[in-house]
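Novice: Below is a structure I'd like to ask you about.
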Amino acid sequence: MSDPGGPAEGLADPPDLVDGATRLRGVRPGDAEALFPFVHRAPEITRWLCWDGPADLEELERRYASWRRGEPGEPVLVLAIEEVPGGAVLGELTLRFDGHPGVGDLGYWLGAEHHGKGHGGRAIGLALRLAFESCAARSVTASVKEGNDASLAVLERAGFVRDRAPGAVSIVDGDGPDGVAVHEGAGPPIAWIASLTRRSWTRAQHGEASAP
Ligand SMILES: CC(C)(COP(=O)(O)OP(=O)(O)OC[C@H]1O[C@@H](n2cnc3c(N)ncnc32)[C@H](O)[C@@H]1OP(=O)(O)O)[C@@H](O)C(=O)NCCC(=O)NCCS
């Protein structure tokens, strides 16, 4: 395991992690075709994101052309959530350290037809392994919009603790021309910042009670 704040030593290759029926792997441009219908003009998904979804397929292909960007120690991971077995691509997860090394910012979505089957919870669990074991994260955070109870449920089951967001908050889940857009998107405002420390995650891995 890397020291907190050290380089992201384990990321020489795109990640490929599996938990039961869910795989988390580096996204590929070809994934855009499968994922585009889930997130194009899909307000039931994008209202919860800080991104309005892609205007066209090419925009999504460009987003997926690079799975990793950012300065050393500040990786930007764009990952596909895949079904096991079969390999169907179900959704996307981002884990970003750009501008905040050591603090991973998590974003995720699944196509509506794939909700409620445990993929979200398992994908977040795998992302936490990636963050704490390979990206030297000290903590991982997620910004959650008002009323997004499903997202709060999966985060809290993973051990996250929520706090009221301090006023208007912007997070990095969108993708502008330089790949680092900051955009709140449509839908409700961000109401919660959920966070999980390395210490709490490590304790939970060992079956210990979470830190006070
Ligand atoms: C959030 C999201 C990724 C969850 O993925 P998922 O695969 O459906 O989640 P899971 O099946 O692992 O778990 C769903 C949990 O939410 C709970 N849940 C679902 N809908 C809920 C609701 N309306 N209110 C409260 N809890 C709800 C389920 O009971 C379950 O919790 P449990 O396992 O403790 O019973 C998915 O709903 C999604 O893509 N939403 C749209 C985009 C989004 O909100 N992204 C997150 C932005 S912060």
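Quick note: the coordinates plus some simple rules give every number you see, no bench work behind them. The structure displayed is predicted, hence computed values, not measured ones. Note that each Cβ is placed from the backbone with ideal geometry, even for glycine, and that neighbours are counted across all protein chains shown.
Novice: Just subtract the alpha-carbon distance of Ala55 and Ala191 from 0.36 nm times their residue separation and send over the number in nm, one decimal.
Specialist: Details: separation 136, 0.36 × 136 = 48.96 nm, distance 2.66 nm.
Computed gain between Ala55 and Ala191 is 46.3 nm.
Novice: Another question about this same structure. Given 5 Å bins starting at zero, what is the percent of C-alpha pairs of the stretch 50-112 in each, up to the one with the largest pair distance?
Specialist: Spelled out per bin, shortest first, that is 4, 16, 21, 26, 17, 11, 4, 0.
Novice: In which sequence would Lys145, Lys117 go, from the one with the fewest C-beta neighbours within 10 Å to the one with the most? Numbers along the way, then the final one.
Specialist: Details: Lys145 20, Lys117 14.
So the ranking, lowest neighbour count to highest, is Lys117, Lys145.
Novice: Please state the equivalent ellipsoid semi-axes for the stretch 16-204: what are the square roots of 5 times the Cα gyration tensor eigenvalues, largest first, in whole Å? Don't skip to the end; give the middle numbers.
Specialist: Details: eigenvalues 94, 72, 61 Å².
In descending order, the three semi-axes are 22, 19, 18 Å.
Novice: GluC sites (Glu not before Pro) within the stretch 91-165: which are DSSP loop residues with at most 13 other Cβ atoms inside 10 Å? Intermediate values should be presented prior to the final figure.
Specialist: Working: sites: Glu92, Glu113, Glu133, Glu146, Glu156; in loops: Glu146.
Qualifying residues, ordered by number: Glu146.
Novice: Fully extended, how many nm does the chain gain between Glu74 and Val103 (0.36 nm per residue separation, minus their Cα-Cα distance)? The partial results should precede the final answer.
Specialist: Values: separation 29, 0.36 × 29 = 10.44 nm, distance 0.92 nm.
That works out to 9.5 nm of additional length.
Novice: What is the gain in length, in nm to one decimal, between Arg199 and Arg62 on full extension, counting 0.36 nm per residue of separation less the C-alpha to C-alpha distance?
Specialist: So the extension gain works out to 45.7 nm.
Novice: Starting with the fewest neighbours, write out Arg47, Arg198, Arg23 ranked by other beta-carbon atoms found within 10 Å of each beta-carbon.
Specialist: Values: Arg47 15, Arg198 19, Arg23 24.
The most exposed by this proxy come first: Arg47, Arg198, Arg23.
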